[in-house]
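K.L.:
So that we are looking at the same thing, I have put the structure below in structure tokens.
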Ligand code: SF4
Ligand code: MG
């Protein structure tokens with residue numbers, strides 16, 4: 001049973017003298033307890049904007065133009081987060097409590113002037129009404145669970161006194177303080193060395209198994225996707241161009257963009273022992289001059305007649321596997337009745 005469903009969500013940015021920019025277009029995503037959905041794509045494709053929209057943490061000039069973000073609260077009520085005011089009591093109750101987020105840079109969620117113990121205690125005091133002493137016991141247990149040795153003493157450290165890897169663990173502990181139903185992770189391992197990255201991914205997998213939470217994981221690293229994803233959604237210039245189980249998408253990518261990303265893996269893996277998205281011929285058009293039709297037309301080796309004028313529809317290519325490409329509708333049309 002899904003925990004959160006994004007339906008037909010579009011997000012645009014306004015600026016004083018220019019037309020609105022579409023950053024995310026008609027996105028549908030489903031998050032399920034105990035499962036990880038990876039959002040993949042090059043920087044600027046709308047991954048982070050999509051994630052921040054769920055928590056209503058968008059910049060002031062961004063607007064959710066259409067769509068719903070249906071979230072099943074633990075009490076059983078279903079709320080449309082897109083309809084709540086970002087600073088409303090209802091939204092504050094969701095943020096950090098039922099849904100929390102971790103980032104590439106821990107200092108964006110940790111305060112530099114408070115000890116990590118005090119910051120985690122405070123989450124539990126505010127959201128769960130614990131007494132400070134009870135909260136500290138839980139904080140120590142949590143720091144221990146995320147693999148911080150000497151947790152009771154470490155709780156008194158300030159973030160700057162910790163290494164990058166330990167800071168990341170402290171941020172994860174803080175995100176888990178109120179046992180969220182959904183954890184959103186925006187490139188949480190990108191700034192870490194390969195060994196620490198592997199440890200943090202292991203930790204997140206273990207915590208997900210312990211807590212049964214849903215995870216939305218944003219990355220541009222296909223190696224990370226292979227490690228952690230159950231489902232994948234590939235984004236290009238604000239569109240989800242392909243979506244399916246990690247097995248289906250890796251075994252049989254259907255969209256030319258996904259195929260280009262996948263074909264870059266072996267070469268990159270040999271070179272750097274990592275599977276970062278390799279550059280694909282051509283450049284991503286600016287969302288300011290979004291092309292008509294399929295946004296991938298300018299880089300696609302298969303582009304044909306309707307591509308530059310008609311936006312491809314979402315087409316099913318298997319059970320829970322979809323892609324947006326005219327090749328798929330053409331293939332269907334050619335199947336004799
Ligand atoms: Fe390529 Fe056309 Fe498919 Fe876009 S719709 S990915 S341009 S074939
Ligand atoms: Mg980002």
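The values are calculated or read from the model by the stated rules, or taken from the named source; none is laboratory data. Please read these numbers as outputs of a predicted model, since none were measured by experiment. Counting neighbours? That spans all protein chains shown, and the Cβs are built from the backbone with ideal geometry, glycine included.
K.L.:
I'm trying to understand the selection: among the residues of the range 13-60, which are touching a helix residue (DSSP H, G or I) at 6+ places or on another chain (Cβ under 9 Å) and without any contact (Cβ under 8 Å) to a residue 60 or more places away in the chain?
P.N.:
13, 19, 53, 56, 57, 58, 59
K.L.:
Restricting the search to the range 316-337, which residues are touching a residue at least 24 places away in the same chain (Cβ under 8 Å) and either outside any helix (DSSP H, G or I) or closer than 13 Å to residue 237 by Cβ (or both)?
P.N.:
The answer is 317, 318, 320, 321, 322, 323, 324, 325.
A quick yes/no check of all residues on (1) on the phi > 0 side of the Ramachandran plot; (2) more than 16 Å from ligand 2 (Cβ to nearest atom):
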position	(1), (2)
104	no, no
120	no, yes
135	no, yes
138	no, yes
150	yes, yes
153	no, yes
161	no, yes
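K.L.:
Tally time: how many residues in the range 206-223 are modelled with pLDDT of 90 or more and either more than 21 Å from residue 48 (Cα to Cα) or out of contact with any helix residue (DSSP H, G or I) (no Cβ under 7 Å at 6 or more places or on another chain) (or both)?
P.N.:
Residues that pass the stated criteria total 9.
K.L.:
Find the residue count for the range 284-315, including only residues that are within 23 Å of the chain's Cα centre (by Cα) and without any contact (Cβ under 8 Å) to a residue 12 or more places away in the chain.
P.N.:
1
K.L.:
How many residues does the range 211-237 contain that are without any contact (Cβ under 8 Å) to a residue 40 or more places away in the chain and under 26 Å from residue 10 (Cβ atoms)?
P.N.:
Here the count works out to 0.
K.L.:
Right, here's the next one. Go through (1) under 30 Å from residue 192 (Cβ atoms); (2) surrounded by fewer than 19 Cβ atoms within 10 Å (Cβ to Cβ) and name the single condition residue 56 misses.
P.N.:
(2)
K.L.:
If only one of 199, 208, 145, 161 is away from ligand 1 (no atom under 16 Å from the Cβ) and without any contact (Cβ under 8 Å) to a residue 40 or more places away in the chain, which one is it? Spell out the reasoning first.
P.N.:
Working: 199 fails: without any contact (Cβ under 8 Å) to a residue 40 or more places away in the chain; 208 fails: without any contact (Cβ under 8 Å) to a residue 40 or more places away in the chain; 145 fails: without any contact (Cβ under 8 Å) to a residue 40 or more places away in the chain.
Of the residues listed, the single one that is away from ligand 1 (no atom under 16 Å from the Cβ) and without any contact (Cβ under 8 Å) to a residue 40 or more places away in the chain is 161.
K.L.:
What number of residues within the range 185-199 are assigned to a helix (DSSP H, G or I) and either in contact with a helix residue (DSSP H, G or I) (Cβ under 6 Å, 6 or more places away or on another chain) or in the same structural domain as residue 144 (by TED's automatic domain parsing) (or both)?
P.N.:
First, the residues of the range 185-199 that are assigned to a helix (DSSP H, G or I): 194-199.
Still in the list and also either in contact with a helix residue (DSSP H, G or I) (Cβ under 6 Å, 6 or more places away or on another chain) or in the same structural domain as residue 144 (by TED's automatic domain parsing) (or both): 196.
Residues that pass the stated criteria total 1.
Rundown of residues vs (1) outside the structural domain of residue 213 (by TED's automatic domain parsing); (2) assigned to a strand (DSSP E or B); (3) within 16 Å of ligand 1 (Cβ to nearest atom), yes/no style:
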position: 42; (1), (2), (3): no, no, yes
position: 56; (1), (2), (3): no, no, no
position: 65; (1), (2), (3): no, yes, no
position: 70; (1), (2), (3): no, yes, no
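K.L.:
On to the next question. Condition first: assigned to a helix (DSSP H, G or I) and over 11 Å from residue 82 (Cα atoms). Now tell me which residues in the range 44-54 satisfy that.
P.N.:
Once the filter is applied, which keeps residues that are assigned to a helix (DSSP H, G or I) and over 11 Å from residue 82 (Cα atoms), the range 44-54 yields 47, 48, 49, 50, 51, 52.
K.L.:
All but one of (1) more than 26 Å from the chain's Cα centre (by Cα); (2) crowded, with 21+ Cβ neighbours inside 10 Å; (3) under 29 Å from residue 37 (Cα atoms) hold for residue 117; which doesn't?
P.N.:
Single failed check for residue 117: (3).
K.L.:
Here's another thing I want to ask about it. Only one residue in 190, 196 is over 17 Å from the mean Cα position of the chain (by Cα) and surrounded by fewer than 18 Cβ atoms within 10 Å (Cβ to Cβ). Which one?
P.N.:
That would be 196, the only listed residue that is over 17 Å from the mean Cα position of the chain (by Cα) and surrounded by fewer than 18 Cβ atoms within 10 Å (Cβ to Cβ).
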